[in-house]
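Worksheet: one structure, shown below.
The values are calculated or read from the model by the stated rules, or taken from the named source; none is laboratory data. Since the structure is predicted, the reported quantities are computational estimates derived from the model, not experimental observations. Counting neighbours? That spans all protein chains shown, and the Cβs are built from the backbone with ideal geometry, glycine included. For the accessible areas, the whole protein counts, side chains as well, though only heavy atoms, and no ligand, DNA or RNA atoms are used. Shrake-Rupley method; radii C 1.70, N 1.55, O 1.52, S 1.80 Å.
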Amino acid sequence: MTATLILGKDVSEEIYAELRQRIETLKAKGVTPGLAVVLVGDDPASQVYVRKKGEMCEELGMHSTIIRMPGDTTQEELMTKVNELNNDSAVHGFLVQLPLPAHLDEEQVINAISPSKDADCFHPSNVGRMLIGEPDFLPATPAGVQQMLIRSGIETAGKHVVVVGRSNIVGKPMSAMMIQKGAGADSTVTTVHSRTKDLAAITRQADILIVAIGKARFITKDMVKEGAVVIDVGTNRVEDPTHPKGSRLVGDVDFEEVKEVASYITPVPGGVGPMTICMLMANAVKAAERTMEVSE
Ligand code: GUN
């Protein structure tokens, strides 16, 4: 058996078509949804992500602001910028690209973002709302994974979902989302991580295996049940002398061997990757819609 591929490009295109309609509706009421992104320093990967976010805003007809601040920006300067964005009515949602340079306090910055403009859904109040099943926003990457499951017609209710990884950005919110009531959830969830004993014995029980541990090809064929759905959130650069760049991207799953046992699988690149920006855009559109609800 070779697994069916779930491609982020296909799923995100469906969602972008829906977002375009919602953006048109907002524009007809005189509101152009606006997303701002703050980038501190010149981390090359962050520069690429930030550029892509700006380009996608423009493609969708949204207003995009990219604020580039030097690597030696002080905490006070960054906090002042966050406050400015909190008070700028043309900015419906914004985010501060992570990681920040080591001298800056990420937690203090995230806590200062107005929860109503928190496009990443990183603010503790939004994380808490999601946990109690009353979300305003959803964190982009886990929400993207959930949309891939829903829109591929994969049943999640009553299924054993094993999440590999416990980061604040993916693993923890992913586990929390899958135990909620409702579409694309209602699952029985186990979270495993670097300190889990006999991790493979648990991953082998997964009907749906979601992997975000940040280790290249960590999940091998023997760790996956025949017929499982495998979602790979990892992106790791590995050396490959046969590749023009001398390296290439691989996931946290050994794709070539796991695709032989899985029923569905996401490749890297081309799987979950495009979903993160897509769901970020969805959060920005939702933030703009909320301002209309408040003013109507
Ligand atoms: N760095 C890597 N992923 C993300 C993300 O989703 N949001 C922000 N703000 N920074 C990131």
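Tabulated values for the structure
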{"read-out": "Residues of the range 256-272 classified as open to solvent by 50 Å² or more (accessible area, probe 1.4 Å) and either in contact (Cβ under 8 Å) with a residue 12 or more places away in the chain or within 16 Å of the ligand (Cβ to nearest atom) (or both), total", "value": "4"}
{"read-out": "Residue match in the range 168-187 (condition: over 30 Å from ALA201 (Cα atoms), part of a helix (DSSP H, G or I), within 16 Å of the ligand (Cβ to nearest atom) and open to solvent by less than 20 Å² (accessible area, probe 1.4 Å))", "value": "no"}
{"read-out": "Number of positions in the range 111-125 that are aliphatic (A, V, I, L, M) and within 9 Å of the ligand (Cβ to nearest atom)", "value": "1"}
{"read-out": "Residue list for the range 25-42, filter: touching a residue at least 12 places away in the same chain (Cβ under 8 Å) and part of a helix (DSSP H, G or I)", "value": "LEU26, LYS27"}
{"read-out": "Tally, over the range 126-144, of residues that are part of a loop (DSSP other than H, G, I, E, B) and either near the ligand (Cβ under 10 Å from one of its atoms) or open to solvent by 30 Å² or more (accessible area, probe 1.4 Å) (or both)", "value": "7"}
{"read-out": "Qualifying positions in the range 227-242 - surrounded by 11 or more Cβ atoms within 10 Å (Cβ to Cβ) and either part of a loop (DSSP other than H, G, I, E, B) or among the basic types (Lys, Arg) (or both)", "value": "GLY227, ALA228, VAL233, GLY234, THR235, ARG237, ASP240"}
{"read-out": "Inter-residue pairs, beta-carbon under 6 Å, first open to solvent by less than 40 Å² (accessible area, probe 1.4 Å) and in a helix (DSSP H, G or I) and in the range 275-291, second within 15 Å of the ligand (Cβ to nearest atom) and of a type in the set (Phe, Trp, Tyr), 6+ apart", "value": "ASN283/PHE137"}
{"read-out": "Tabulated pairs, the range 101-129, first within 22 Å of GLY41 (Cα to Cα) and in contact (Cβ under 8 Å) with a residue 24 or more places away in the chain, second β-branched (Val, Ile, Thr) and open to solvent by less than 70 Å² (accessible area, probe 1.4 Å), C-beta under 7 angstrom, 6+ apart or interchain", "value": "PRO101/VAL40; LEU104/VAL40; VAL109/VAL82; VAL109/VAL96; ALA112/VAL82; ILE113/VAL82; PHE122/ILE110"}
{"read-out": "Scope the range 197-217; condition over 18 Å from the mean Cα position of the chain (by Cα) and surrounded by fewer than 22 Cβ atoms within 10 Å (Cβ to Cβ); matching residues", "value": "LYS197, ASP198, LEU199, ALA200, ALA201, ILE202, ARG204, GLN205, ASP207, ALA216, ARG217"}
{"read-out": "Among (1) free of Cβ contacts under 8 Å to residues at least 60 places away in the same chain; (2) surrounded by 15 or more Cβ atoms within 10 Å (Cβ to Cβ); (3) of a type in the set (Gly, Ala, Ser); (4) closer than 24 Å to VAL268 by Cα - the single one GLY8 does not satisfy", "value": "(1)"}
{"read-out": "Index of the failed condition, GLN147 passing every other in (1) more than 10 Å from the ligand (Cβ to nearest atom); (2) polar (S, T, N, Q); (3) in contact (Cβ under 8 Å) with a residue 60 or more places away in the chain; (4) touching a strand residue (DSSP E or B) at 6+ places or on another chain (Cβ under 9 Å)", "value": "(4)"}
{"read-out": "Filter result (assigned to a helix (DSSP H, G or I) and β-branched (Val, Ile, Thr)) within the range 110-125", "value": "ILE110"}
{"read-out": "Hits in the range 90-109 (condition: assigned to a loop (DSSP other than H, G, I, E, B) and over 23 Å from MET279 (Cβ atoms))", "value": "PRO101, ALA102, HIS103, LEU104, ASP105"}
{"read-out": "Index of the failed condition, GLY93 passing every other in (1) farther than 28 Å from VAL268 by Cβ; (2) within 16 Å of the ligand (Cβ to nearest atom); (3) not aromatic (Phe, Trp, Tyr)", "value": "(1)"}
{"read-out": "Test set (1) away from the ligand (no atom under 16 Å from the Cβ); (2) among the acidic types (Asp, Glu); (3) in contact (Cβ under 8 Å) with a residue 60 or more places away in the chain - ASP252 fails condition number", "value": "(1)"}
